[in-house]
Amino acid sequence: MTARKHYTALSTQARDMIASLSRKGRLISWLRVAVFIAAIALGIMLRHDATAMVIAIAVTVMLFLALVKWHDNVITHRLREEALLKFAESRLRVLDGNLSGLPRGERYIDSNHPYTYDLDVFGDKSLFSLLDSTATPGGSDKLAHRLMTPDLDADDIIRRQQAIMELSDMTSLRDFMQVSGRMAESNLADSRGSASAVAIPPINQPVALTVLSYAAFPIFITTAVLSYLDVIASSWCLWTFLSFLGLSALGAKRIGRLHSRLTETVSSLTSRVDLFRHIEESKFTSPLLQQLQQRLNVDGTEASTLIAKLAKELKSLDQRYNAVGYLLFNGTSLWDYRVISNVDRWMKRYGRHLDSWYDTLSEIDALSALATFDFENPEYTYPQIDRSGKVIMEATEMGHPLIGKSSRVNNPLPPMTPHSFIIITGANMAGKSTYLRTIGINYLLAMTGAPVAAKAMTFSPSMLFTGLR
C-alpha cells in the first residue's frame, strides 16, 4: 500500500471511529443522568424500608461508577483516534508538499556550522521539517544531532540503513509510536523534559523511618482492635492516628518536593510505558534494532515492567494531593514515607538505567522518522558505499528532496574523486545554488543512513563543508 493510501485509510478510519465514540459518549452521559435520577427515586420509594433502600442505592452507585469508568475509557479511546487523525492529516499535507506548521528546529540553527546553515537543514520548510516525524522530544533531538554530526564509519551507516529499511515496512509500529507519543506529550507539563538519574535528588530516608512506615498500619490496626475490645483505652487509637499524622507532616514539604521533581524528571518514561512494551514485543531482524531492543532488558526483566512499577508508586503518592486521602492514608499507615521508601529502593536498583532507556527510545524514534521518509518516497534509493574512498560521490538523476516531484529537475553528478573538482557555470537564477544544495543534502542524507533523492548513488563518508553563503 502506498503512503497516500495508508494515510487516507487511517484518517477515514479515525474519523468514523471518532464519530462512533462521540455517540457512545453522549449515550453514557445520558445513562449516568438516568442512574442518578433512579437512585433518588429509589431512595424516596424505599424510604420506609432501610435495608432495601441501602441495597438499592449501593447498586445504583456501583452502576454509576461503572458508567464513569466506561466513559473515561471512551474518552481515552477517542483521544487516541484524534491523535491518529492529526498524524495522518499532517503526513498527507507533507505528501502534497505542504511543510507549513511542521517542526522547524529553530534552536539548532547555527550560522557557523560547517554546512547546516548553507543547506537549509533547519528553519522554515527545511530538511528537518521534511524529516521530523518523531513522536518524542528526545527523538527530535537525536534526529537533529544526526543531521549535524552524521556517521563517518561505513559499517555504522550500513547498520542504520538496515534498521531504517526494516522500520519502513513496520507501519503499525510507527503509527503506534505517533499516537502514543502525541498523547504522552499532551499530558506532560514539560514536553522537553527527559529522564535522568543525575537530575533526581537523593532521597536518603532514614532506615528507622522506613521500618516504621511498614509497621505503621499493623500498629494502627492492633491499636484499633484492642480499643474496640476495651483492652486499652479508646483514646489510644486516636493518639496513634494523630502521632502518625504529625510525623507525616514533619516530612510533608520534603516529600512534596521529591514527588514533584521525580514526576517531572521521569514522566517522559512513565507516560510511555505502552510504547516501551510495543517496542519490546516487536520482532526485529536488523542488528542495530536488536541491539537497541536488548538495552531495554535488565537481568531478564523488560524496561516497560520496571517503568510501570515506578509509575504505580508515583501515582500512589498522588493521594497526598487529596485532603481526605492524605489524612486517612498517612494517619493510619505513614503512607508518604512508605511509598517514598519504595521509590528510593527502585531508584537505587534501576535508576542508573533511566538515561539508557530514554536514549534508546529516542534513537528508535529518530530511526522511525527516517523510515517514514523512506515509506513516503519509495522511488528514492539507498546509496552504495565505496569503501576504497576513490569515489567521494557519484549519482544519476539526483534531485532536491524539498522541491516538488512534479517541478523538480533531476541532474547527474559525475564521479567526484579525492583530487578532483567540478566547475558549475550558468546564468543568474539558472539553478547553480540549487544544484549545489542538491549535492550537499543528498550527501548528508546518505551519511545518516537514509535513502536519497536519486536513481543511483555511490559515496564515501567524509567531512562535509559548504560555503554557499
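Where a number appears in this text, it was derived from the coordinates with a stated rule and is not lab data. All of these numbers come straight from a predicted model, not from anything done at the bench. Every residue, glycine as well, gets a Cβ built from its backbone with ideal geometry; the counts of neighbours run over all protein chains shown.
What the table shows:
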read-out: Residue pairs, from the table LYS69/LYS312; LYS283/LYS315; LYS86/LYS315; LYS315/LYS348, whose Cα atoms sit over 26 Å apart; value: LYS283/LYS315; LYS86/LYS315
read-out: Mean separation of Cα contacts under 8 Å (6+ apart) over length of the stretch 197-367, as relative contact order %; value: 37
read-out: Angle in degrees between helix 432-448 and the longest Cα principal axis of the chain, rounded to the nearest 10; value: 50
read-out: Cα-based helix-to-principal-axis angle, 137-148 vs the chain, degrees rounded to 10; value: 20
read-out: Acute angle (nearest 10 degrees) that the helix 354-376 long axis makes with the longest principal axis of the chain, alpha-carbon atoms; value: 50
read-out: Which of SER333, SER462, SER227, SER406 has the fewest Cβ neighbours within 10 Å, and the rest in rising order; value: SER406, SER462, SER227, SER333
read-out: For the stretch 61-121, alpha-carbon Rg relative to the globular expectation (2.2 N^0.38 Å, N residues); value: 2.03
read-out: Centroid-to-centroid separation of the stretch 38-77 and the stretch 230-285 [C-alpha atoms, Å]; value: 31
read-out: Computed Rg/Rh of the chain, alpha carbon atoms with Kirkwood Rh; value: 1.11
read-out: Simple Cβ-charge dipole of the stretch 3-95, Lys/Arg +1 and Asp/Glu -1, about Cα centre, in debye nearest 20; value: 520
read-out: Scattering curve values for the stretch 197-367, log₁₀ I(q)/I(0), Debye with Cα scatterers, q = 0.09, 0.13, 0.18, 0.20 Å⁻¹; value: -0.41, -0.71, -1.06, -1.22
read-out: Positive-end residue of ALA39, THR425, VAL121, charge dipole of the chain with Cβ unit charges; value: ALA39
read-out: Counting all C-alpha pairs of the stretch 3-95, share separated by more than 22 Å (%); value: 50
read-out: Relative contact order computed over the chain (Cα-Cα under 8 Å; 6+ residues apart), in percent; value: 20
read-out: Distance in nm between pseudo-label sites at VAL231 and LEU46 (7 Å out along the Cβ direction from Cα); value: 3.8
read-out: CD proxy at 222 nm, helix term only [per DSSP H run n ≥ 4: -39500 (n - 2.57); per residue of the chain; nearest 500]; value: -21500 deg cm²/dmol
read-out: Relative exposure of ARG32, ARG160, ARG349, judged by other C-beta atoms within 10 Å (fewest first); value: ARG349, ARG32, ARG160
read-out: Distance between the stretch 354-422 and the stretch 121-151 - C-alpha centres, whole angstrom; value: 14
read-out: Sequence of GLU379, GLU313, GLU89 once ranked by neighbouring C-beta atoms within 10 Å, starting from the fewest; value: GLU379, GLU89, GLU313
read-out: Alpha-carbon Rg/Rh ratio, for the stretch 397-444, with Rh computed the Kirkwood way; value: 0.97
read-out: log₁₀ of I(q)/I(0) at q = 0.10, 0.18, 0.20, 0.21 Å⁻¹ - the stretch 82-171, Debye sum with one point per alpha carbon; value: -0.30, -0.95, -1.12, -1.19
read-out: Farthest positive-ward along the chain dipole, Cα basis, beta-carbon charges - from TYR108, TYR358, TRP335; value: TRP335
read-out: Over 17 Å [Cα-Cα, the stretch 369-469], rounded percent; value: 51
read-out: Qualifying lysines (Cα of each under 22 Å from Cα of LYS405; at least 8 residues distant if same chain); value: LYS5, LYS125, LYS432, LYS455
